[in-house]
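Worksheet for the structure shown next.
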Amino acid sequence: FGEAAALYWKHRERVAKDPVTARRVAGLLANQGRLPDAAALYQDLIKAQPGQKDLLVSLAVMREAMGLRIEAAQAWGDAWTLDASDSTARNRAIADLDAAAAAGEAPLEALLDKALKYDPASSSMHFKLAVLRLKAEDRKDAYAHLDRALQSSPGNPTYLARLPEAIEGDSLIM
């Protein structure tokens, strides 16, 4: 393993242009616990061969293993951009940004806005967006998303529990 990794570093640019070898070396590096090196190789390969969804997925998985939630979400989001029908990539991006807490809020909000254009009836995405808008004290928009979530999933106790917070105050009174 050590010799193969050393050869990779010596011929890094050439290896990154050969997807079969690069994937093999990235797997080798990951097995050695050298996740940052494996992720760097995937990034080189993505630059050399843009538009390869499977490479983005591999990079996303690698970044998740490294605990880099926001970076993993970016790779998942890029994979989803290449294939808008891939709800798994979209959902993994949302989950990673959600797990990133405050640091992931702004990118999560942007991703949810984009995702709702493809799936406007998603109660869970409307609810997540409502919660983010409540944190930002935008009750009017939060209420609108919460209302849409309740239309898709009437009687959901989690959604109903947030309703008083969304209609608190006079922000909804015209």
Item checked: Net +/- balance of residues flanking Leu132 in space, Cβ distance below 12 Å, scoring K and R +1, D and E -1 -> -3
Next item on the list: Evaluate the relative contact order of the range 1-148 (contact order divided by residue number), counting alpha-carbon pairs under 8 angstrom at least 6 apart; express in whole percent.
Entry: 12 percent
Next item on the list: Quick one, could you list the DSSP H helices from the chain stretching 15 Å or more along their long axis (Cα atoms) with average Kyte-Doolittle hydropathy of 0.0 or above?
Entry: 19-31, 35-48, 53-65, 123-135, 157-167
Margin query: Which log10 I(q)/I(0) values does the chain give at q = 0.11 Å⁻¹ under the Debye formula, counting every alpha carbon as one identical point scatterer?
Written below: -0.57
Next item on the list: Could you state the accessible area per residue of the chain in Å², with a 1.4 Å probe and every protein chain left in place?
Entry: 54 Å²
Checklist line | Cα centroid of the range 10-44 to Cα centroid of the range 142-160, whole Å | finding: 46 Å
Notebook entry, point to check: Taking all protein chains as present, what is the carbon and sulfur share of the accessible area of the chain, in % to the nearest whole number, probe 1.4 Å?
Noted result: 53 percent
Notebook entry, point to check: Cβ under 11 Å from Trp80's Cβ, Trp80 left aside: what net charge do those residues give with Lys, Arg +1 and Asp, Glu -1?
Noted result: +1
Next item on the list: As a check on your grasp of the helix formula, calculate [θ] at 222 nm for the chain: sum -39500 (n - 2.57) over DSSP H runs of n ≥ 4, divide by the residue count, round to the nearest 500.
Entry: -24000 deg cm²/dmol
Checklist line | Greater than 21 Å apart at Cα, pairs in Lys53/Lys114; Lys53/Lys128; Lys47/Lys117 | finding: Lys53/Lys128; Lys47/Lys117
Notebook entry, point to check: Any idea of Lys53's accessible area? Nearest 10 Å², probe 1.4 Å.
Noted result: 60 Å²
Next item on the list: Work out which GluC sites (Glu not before Pro) in the chain are exposed loop sites (DSSP not H, G, I, E or B, at most 15 other Cβ within 10 Å) and give the longest gap free of them.
Entry: 1-136
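The values are calculated or read from the model by the stated rules, or taken from the named source; none is laboratory data. Here the structure is a predicted model, which is why all the values come from computation and not from measurement. Methodologically, a virtual Cβ is constructed for each residue, glycine included, from the backbone with ideal geometry; neighbour enumeration extends over all protein chains shown. Keep in mind that these areas ignore ligands, DNA and RNA; they rest on the heavy atoms of the full protein, side chains included. Shrake-Rupley method; radii C 1.70, N 1.55, O 1.52, S 1.80 Å.
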